[in-house]
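Take a look at the structure below.
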Amino acid sequence: MASITAASAQDRDPTILYEGNGTTVRTHLQAGVNAVSEQNLFWDFADSFAPGAGFNADKNWLEFYIKPGVSFEKTLDSGQVFYGKLSAVASYTLGTDAYDYGDTGRTTIEEAYLGLRMQQTEGMGFDFSLGPRELKLGTGMLIANGGSSGFERGALKFGPRKAWEMAAIGKITQGAFAATAFYIDPNERPASDGHNRLAGLDMRFDDPRGGYLGLTYVNVVNSDSAYIQAAPGGLGAPVILPGARDGTNAFNLYARTNPFSGAFENWVASADFAYEWNDRIDLAAWAGRVQLGYTFADLPWSPTLTYSYQSFSGDDPNTARLERFDPLYYEGSPSAWATGSKSSMVFINSNVQAHGLSLKLQPTRQDSVTLRYAHIRANELNSPIQFGQATRLDTTGATANVLSGVTNAHLSDDVFLEYSRIINRNTFLTAGVSVSIPGKGIKNAVPGKVPNWTGGFLNVVVNF
């Protein structure tokens with residue numbers, strides 16, 4: 001009997017502070033350190049366009065973050081569960097990062113929500129929460145990253161802040177079907193707060209076999225954020241439309257197949273499509289992605305090969321309508337919605353398209369190696385690619401004209417090799433090297449030779 005008691009004490013979850021009388025109080029901790037090295041940042045554009053700014057295109061820096069928290073659940077006599085969580089993020093950058101910020105960091109509240117959930121006998125469930133917390137909808141194409149990091153907050157690459165500054169979330173489930181209504185306020189940096197507020201509804205069906213089908217509707221209830229529009233014919237400076245995001249609507253349809261059988265059992269396919277409109281400013285924009293993957297299950301290391309094509313509309317300079325897609329708050333990791341590895345630091349998901357290939361190998365249960373390649377192009381020539389970038393003076397003719405965007409669609413080719421290891425159930429190591437090779441669209445915009453942009457990182461993260 002004594003040995004059983006000792007074993008039970010040893011197996012007890014160390015994160016539980018208190019458990020009894022229908023109440024569980026649990027601690028949480030995430031932390032990480034990341035070493036980053038970059039050479040010829042942004043293809044060394046600063047040397048051509050701002051030689052007097054003193055920007056060093058070769059940088060090395062360290063990032064740190066820690067996210068402690070505590071949560072509780074209380075089961076009421078009625079069977080309802082009252083729950084909540086409180087956490088904070090402290091982050092810091094030692095040295096100078098890619099955007100010339102360094103030796104800086106901030107501590108901010110991350111999660112601070114209370115909620116109530118219940119399950120009816122007929123299988124219907126209800127869940128409502130209020131307060132800062134994370135919310136990701138669909139595949140993260142539009143709604144995923146509710147918090148901003150980097151710059152004065154530090155930890156640019158880690159991006160440890162994910163929670164929305166305020167979120168009201170109501171969810172109803174019935175079997176495999178779920179409907180989620182939401183009102184969210186992003187946790188933006190004070191220096192770039194656009195006073196954005198969004199609301200909407202997500203409806204999703206998750207098949208027990210693994211596939212899903214969902215539809216998200218988003219309405220920008222309030223925003224001071226500007227949009228940018230190409231000048232007529234692409235000649236002249238782009239037009240800034242203050243507060244144009246206010247009132248924008250978006251639909252996102254997303255789907256993934258169930259596991260196939262027979263000859264197609266190792267295949268998987270997924271697709272996303274989004275459409276945006278705003279009658280106040282005559283906006284009509286679209287975006288989409290298709291993915292097809294195959295696992296060579298009979299080969300050593302179980303190689304998985306995935307092809308993807310994603311495209312985000314740009315503003316056609318030959319129309320009065322605005323067609324530039326707004327990616328809102330997408331999940332920007334290489335395994336999610338980043339357009340390229342390094343290039344995603346320059347090109348947001350607007351007026352770009354990319355063919356992507358990834359090959360993942362699993363040498364052991366703890367180790368994985370992934371090689372990613374992206375061929376990145378512009379959708380519209382002479383049209384803004386990212387806000388405030390790719391605008392220049394064209395002096396090739398008799399008259400000097402201001403141009404925005406690029407004159408050749410090929411932007412870059414990115415290659416990214418990543419290694420991940422599960423050290424133990426709570427500790428994870430990731431390392432990677434990458435290179436971005438400029439295409440003709442980039443080379444034609446810069447006088448002289450444009451170098452390759454290279455870099456690497458090594459990080460360790462703990463999660464309890």
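Could you tell me the relative contact order of the chain? Use alpha-carbon pairs under 8 Å, at least six residues apart, and round to a whole percent.
Normalised by residue count, the contact order of the chain is 12 percent.
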Item to check | Estimated dipole of the stretch 307-382 in Debye, rounded to 20 [Cβ of Lys and Arg +1, of Asp and Glu -1, Cα centre] | outcome: 340
Next on the checklist: Can you give me the solvent accessible area of residue 265 with a 1.4 Å probe, rounded to the nearest 10 Å²?
Outcome noted: 110
Checklist outcome for this item: Filtered hits (aspartates and glutamates, Cα-Cα < 16 Å from residue 74, offset >= 8 within chain) -> 19, 127
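In nm, what is the difference between 0.36 nm times the number of residues separating residue 239 and residue 359 and their Cα-Cα distance?
On the way: separation 120, 0.36 × 120 = 43.20 nm, distance 4.13 nm.
The span from residue 239 to residue 359 would gain 39.1 nm if fully extended.
At a 1.4 Å probe, what is the % contribution of carbon and sulfur to the accessible area of the stretch 405-464? Present the calculation step by step, with values, prior to reporting the outcome.
Working: 1750 of 2860 Å².
Accessible surface attributable to carbon and sulfur in the stretch 405-464 totals 61 percent.
I need the calculated FRET efficiency for the pair residue 118 and residue 39, taking r as the beta carbon distance and R₀ as 51 Å, to the nearest 0.05. Write out the running numbers ahead of the final one.
Details: r = 55 Å, r/R0 = 1.09.
E between residue 118 and residue 39, to the nearest 0.05, is 0.40.
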Item to check | the stretch 326-367 - accessible surface per residue (Å², probe 1.4 Å) | outcome: 36
Checklist entry - Counting only protein chains, not ligands or nucleic acids, how are 118, 345 ordered by accessible area (probe 1.4 Å), most first? => result 118, 345
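Probe radius 1.4 Å, ligands and nucleic acids ignored: give me the carbon and sulfur share of the accessible area of the stretch 330-378 as a rounded percent. Show your work: numbers first, answer last.
Values: 1050 of 1890 Å².
Accessible surface attributable to carbon and sulfur in the stretch 330-378 totals 56 percent.
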Checklist entry - Ignoring any ligand, DNA or RNA, what whole percent of the accessible area of the stretch 85-178 comes from carbon and sulfur when the probe is 1.4 angstrom? => result 58
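Could you put 372, 256 in order of accessible surface area, largest first, with the 1.4 Å probe and the full protein assembly present? Mind showing how you got there, number by number?
On the way: 372 45, 256 100 Å².
Sorted by accessible area, descending: 256, 372.
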Item to check | Cα centroid of the stretch 294-331 to Cα centroid of the stretch 106-184, whole Å | outcome: 24
Next on the checklist: Give the lysines whose C-alpha is closer than 25 Å to that of residue 440, dropping any in the same chain fewer than 8 places away, or say none.
Outcome noted: 342, 449
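In the chain, how does Rg compare with the Kirkwood Rh, expressed as the Rg/Rh ratio over alpha carbon atoms?
0.98
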Next on the checklist: Let's see if you can work this out: charge +1 on each Lys and Arg Cβ, -1 on each Asp and Glu Cβ, no other charges. What is the dipole magnitude of the chain about its Cα centre, in debye to the nearest 20?
Outcome noted: 520
Checklist outcome for this item: For the stretch 104-206, the per residue accessible area (1.4 Å probe, Å²) is 43
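The values are calculated or read from the model by the stated rules, or taken from the named source; none is laboratory data. Here the structure is a predicted model, which means the values were calculated and not measured. With ideal geometry, Cβ positions are generated from the backbone for all residues, glycine too; neighbour counts draw on all protein chains shown. These accessible areas exclude ligands, DNA and RNA; they are computed on the full protein's heavy atoms, side chains included. Shrake-Rupley method; radii C 1.70, N 1.55, O 1.52, S 1.80 Å.
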